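Working notes, structure below.
The values are calculated or read from the model by the stated rules, or taken from the named source; none is laboratory data. For clarity, every value in this text was computed on a predicted model and none was experimentally measured. Positions of Cβ are backbone-derived with ideal geometry, glycine not excepted, and every protein chain shown enters the neighbour counts.
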Amino acid sequence: MSEPTTPTRARTVPAEAGMAPVSPSAASPLRAFFAGSAGRNIGLVIALLVMFIVGAITAPGTFLTLDNVFVILRQASIVGVIAVAMTLVIIAGGIDLSVGSVTGLASVVGTLAVVQDLADSMHWIVFVLLALAVGAVAGLINGVVIAYGNVVAFMATLAMLVGARGLAEILAERRTLVVQDRGFITFMNANILGVNMLIWIFLIVAVLGWVLLNRTTFGRRTVAIGGNREAARLAGIDVRRHVMWLYVLVGLASGIAGVMFLGRTTAGSSTNGQLLELDVIAAVVVGGTLLVGGRGTITGTVFGVLIFATLTNVFVQNNLSSSVQAVAKGVIIVVAVLLQQRFSRQPGRR
Amino acid sequence: MAKAFSGVHALRGVDLRVRAGEVHCVLGQNGAGKSTLIKTLAGVHRPDAGEILWLGETVEIADPDAAIELGIATMYQELDVVDGLTIAENIFLGHELSRAGFTQRGEAARRTTELLRRLGHANLPPHTEVGTLSAANKQIVSMARALSHDIKLIIMDEPSAVLDTEEVKNLFAVVRELTAAGIAVVYITHRLEEIREIGDRITVLKDGRTTAVGLPVADTPTAELIRLMTGRDIANVFPERMPIEPGAPVVLDVQGLGLAGVFADVSFTVRAGEVVGLAGLVGSGRSEILETVYGARKASEGTVRVRDRTLPRGSVHAAVRAGVGLSPEERKSQGLVLDEPIFVNIALASMTRFARGGFLDDRAARRVAREQIDAFELRPADPDRPARTLSGGNQQKILLARWLVHGTTVLLLDEPTRGVDVGARAEIYAVIRDLAAAGNAVVIVSSEIEEVLGLADTVLVVADGRILRTLPAHQIDEHGVLDLVMKGTAA
């Protein structure tokens, strides 16, 4: 038996329950354009361009140099690595507030005297792996508490934020520990094809994150869980295990960020990565990922990260204080979210 | 009393004339334009052609407030009550009774009780939180809110969709009281039997046009109505049963299953090619039984075996792997990822099949989805369409296709035709029959007893979390089921 409406008609006549929401937005091509993911990213490209133009005008000579572009990218790399993993967590409807603390903890553990001695006798890769493991284990704890303990992600990771920072302070005895290994410092500050190692790490993580989200079953499941958790569960997806792995992933990314801190500053300190979670979440959200889950892109997140890094750079070039910078960041976050809602609003909802 | 001749995008020539004090049914399939018509009358949409006459005068309904000013109230399908507020707070939401900025709780409660009494529900305390009420009582609250304004017309969009047989009777009693008070009711439904019981006149919509205006209910045969709605005749709504092969193996074997406080001692078997139906009222435990068999709820006792393999309790994952699939009661909130395209929703349970080493092969998923789209005549026939944009019937087909693609052999269907219009229903019925004929074991739950009886080979009559009787479907009718249920509940 066939539906009474012919296929061609079904395409043009909005059905009352189903197709109606599409038609009003289609009326405005501009809105339809911006509602698409490509359109949203173009909005981000424009925002980034505007910032570059402002930089070029206010700091001629110093802003638009290749060196300065690398400075911006280096600046963006640590936030960027975590933001890529955070994008997946937020798409799945979660959040991780503990990334900054875990980054600090990882950097401290990596520089502990015993660890450094161990690395001395073997290879510096030992303390790098240990720092990464610290991040992954912290993420695992978050994941188990959230997925199997049914604790709200906001609270579980808030607890980890406080706890991991405290543990880092205990371990470091409130002193700054310094990496001695020359091999590690040389490696982390090396330039390959003229590009700094930190930037390479960011690039590789971003590409891996993009592939993971867009080309693997893991990514597809992440989107499905964020879009409709119950439907995913009833379709036989092991939602708990999946959610747990997502937090391990973002923990691992925090571990990588801890190692990057060590590479950049050579110092393992319990204050490393303070308030990093705010920069990360702001970049992800400005990049177009919905906090309620179900939708988001790695590309958008990368742009979000670059926009904030460029902003910081423009302010530094003009010798403006970090306080002014913070105000500007706040304004940008609000404007970006307002614009997104304006262009991607579901018709009929206010 | 009112007349609309409108040309909003989904409507292209609609006439509707409603008299004071009548129940005017609007009938039409999904997509016929019923909801758009309602929204035009409620002031959500504006007509771009035609006019609305109200008590003899041309009016323009600019926004929902204007509609209420005129005396037109609307009860939408999705109940628009706020769960966290009390009944009285809901009723006066937006026009709170207040003096100098302070709400007058006493006065609101008094008026609420009065309104509830008018609706025959004086027993509901006005300070009850709405979230604790049943769907039927929430509907009463919604109606009381409409009545708190001085209204002359109330539009009800499929009010019976969330109610069971008893509650529908209650609803009808309320509707009769409204009409007795001279209020006109526009009643939207696709259940023909309800129109027989409550309607005075019928207007039929098809593809955004009226195909019949104001037919008297009493003189219009059902076949005629179906023809007006669909443009064709439906001879046999339920497909013919196929005899089950005598040697057909038992695929699903449920023994002594129980969920503490909900149901107990549920045992039944389903053979390959058999359709087993659970008949009972809302709250009898039907859906819970299905969800527990599936592992979505963790059984407190008993076993579920699929082809001699015992399933671990409370594991959907294991059930799916053993070849069990559930089409859940709430299609949108439990079944589909609405913003994802059709092909993703179809492939949702079989993702690893459409991937190599964890990497997605969307081309294969789209190809298989296209096959299913053709087989099910799913419309629109575009695998990249978001599931949200499909009608209820087509969304249901996605869920059936999902399990077919997965290679499921035990299908658990909870309310497979809720929110699905008459024409598409017949299609779903045919599909379910075909699936059984292909050797699948099917368990179906529906609040429409007629549907269970028409589809199933074997019927389990359920009341109060117990199976009262198991018998072949042809040995019992709707009356018999209700009889058993009433006696069973009383005992």
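Test B:Ile195 against the stated conditions and say whether it is aliphatic (A, V, I, L, M), assigned to a helix (DSSP H, G or I) and touching a Ser or Thr at 6+ places or on another chain (Cβ under 9 Å). In short, yes. The combined condition, being part of a strand (DSSP E or B) and in contact (Cβ under 8 Å) with a residue 12 or more places away in the chain, is fulfilled by B:Val443.
Is there a residue in region B:71-91 that is assigned to a loop (DSSP other than H, G, I, E, B), without any contact (Cβ under 8 Å) to a residue 40 or more places away in the chain and farther than 22 Å from B:Asn170 by Cα? Among the residues of region B:71-91, not one is assigned to a loop (DSSP other than H, G, I, E, B), without any contact (Cβ under 8 Å) to a residue 40 or more places away in the chain and farther than 22 Å from B:Asn170 by Cα, which makes the answer no. Exactly one residue out of A:Gly209, A:Gly236, A:Gly219 is buried (at least 21 other Cβ atoms within 10 Å of the Cβ) and not in a helix (DSSP H, G or I), and it is A:Gly236. For region B:325-348, the set of residues classified as touching a helix residue (DSSP H, G or I) at 6+ places or on another chain (Cβ under 7 Å), under 24 Å from B:Ala441 (Cβ atoms) and either more than 7 Å from every other protein chain (Cβ to nearest Cβ) or surrounded by fewer than 23 Cβ atoms within 10 Å (Cβ to Cβ) (or both) consists of B:Gly325, B:Ser327, B:Glu329, B:Arg331, B:Gln334, B:Asn345, B:Ile346, B:Ala347, listed by residue number. For region B:356-381, a tally of residues being modelled with pLDDT of 90 or more and either crowded, with 18+ Cβ neighbours inside 10 Å or among the aliphatic types (A, V, I, L, M) (or both) returns 9. State yes or no: is A:Gly226 crowded, with 18+ Cβ neighbours inside 10 Å, of a type in the set (Gly, Ala, Ser), under 20 Å from the mean Cα position of the chain (by Cα) and farther than 30 Å from B:Leu413 by Cβ? The answer is no for A:Gly226. Would you say B:Ile140 is at pLDDT 80 or above, in the same structural domain as B:Val213 (by TED's automatic domain parsing), crowded, with 18+ Cβ neighbours inside 10 Å and within 30 Å of B:Gly283 (Cα to Cα)? Yes, satisfied. Only one entry of B:Gly33, B:Gly56, B:Gly71 meets the criterion of being crowded, with 21+ Cβ neighbours inside 10 Å and at positive phi, and that entry is B:Gly33.
When the residues of region B:349-371 are filtered to those that are among the aliphatic types (A, V, I, L, M) and within 7 Å of another protein chain (Cβ to nearest Cβ), the one that is farthest from A:Asn214 (Cα to Cα) is B:Ala349. Being closer than 14 Å to B:Ala441 by Cα, within 14 Å of chain A (Cβ to nearest Cβ) and crowded, with 16+ Cβ neighbours inside 10 Å, is that true of even one residue in region B:277-288? Within region B:277-288 (the criterion being closer than 14 Å to B:Ala441 by Cα, within 14 Å of chain A (Cβ to nearest Cβ) and crowded, with 16+ Cβ neighbours inside 10 Å), the answer is no, since none of the residues qualifies.
Residues of region A:131-150 include at least one that is on the phi > 0 side of the Ramachandran plot and not hydroxyl-bearing (Ser, Thr, Tyr). Flag set for B:Glu96, criterion: within 18 Å of B:Arg110 (Cβ to Cβ) and part of a loop (DSSP other than H, G, I, E, B).
Checked across region B:117-132, the condition of being closer than 25 Å to B:Asp164 by Cβ, free of Cβ contacts under 8 Å to residues at least 40 places away in the same chain, assigned by TED's automatic domain parsing to the domain that holds B:Ala67 and hydroxyl-bearing (Ser, Thr, Tyr) holds for at least one residue. The conditions of being within 14 Å of chain B (Cβ to nearest Cβ) and modelled with pLDDT of 95 or more are not met by A:Leu140. Selection of region B:397-449 for residues being closer than 16 Å to B:Leu290 by Cα, aliphatic (A, V, I, L, M) and away from every other protein chain (no Cβ under 14 Å) yields B:Ala441, B:Val442, B:Val443, B:Ile444, B:Val445.
Of all helices (runs of 4 or more DSSP H) completely enclosed by region A:44-156, which ones contain at least 3 residues that are under 30 Å from A:Gly226 (Cβ atoms)? The helices (runs of 4 or more DSSP H) meeting that bar are A:66-91, A:99-111, A:125-147.
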